[in-house]
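> Provided herewith is a single structure, encoded as structure tokens, for subsequent inquiry.
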Amino acid sequence: LALAHEHDALRNNLSARLAQAHFDYTDAHRRTELYEHTLIPKATESIQSILASFRTGSGGFTDLLDAQRTLLEFQRSALRATSAQGIALAQIHELIGITDASTTQSTSDSSNAEIEQ
């Protein structure tokens, strides 16, 4: 009976950890997509617009600096989200028992094939 309770507790713990890792992965993926496909392109467009205004004398240098700072913040946040996504995926792999040996080997093989060409 005690062994059954311990088994259930372990299964519940694993299930909760897997659910959390899945949530973390999904959230990080959503943030990565938001930055890469929406915020960074809009910030880049903003810089181009401000730069064009600056060149004609109608835009201020501080506006350009602020836009560049915003773009850099978005890029940094995108990298953080991508990192969080990778960490969550590694946690999922650990929880479900996927080893990296096969992934590492196939990645290594494709890299070697590219080098040989």
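Please treat every number below as a calculation from the coordinates, not as lab data. Since the model is a prediction, treat every value here as computed from it, not as a measurement.
> Out of residues 5 or more away from residue 59 or on other chains, whose amide H comes under 5 Å of its own, with H placed 1.01 Å from N in the peptide plane?
54
> Something else now. What translational diffusion coefficient, to the nearest whole µm²/s, does segment 2-98 have by Stokes-Einstein, given a Kirkwood radius computed over alpha-carbon pairs, a temperature of 25 °C and 0.890 mPa s viscosity?
Reported coefficient: 152 µm²/s.
> Same structure again: From the phi angles alone, apply the Karplus equation (6.51, -1.76, 1.60; θ = phi - 60°) to segment 21-30 and give each ³J(HN,Hα) in whole Hz, x where the residue is Gly or Pro.
Rounded to whole hertz, the list is 5, 5, 4, 4, 5, 4, 5, 5, 5, 4.
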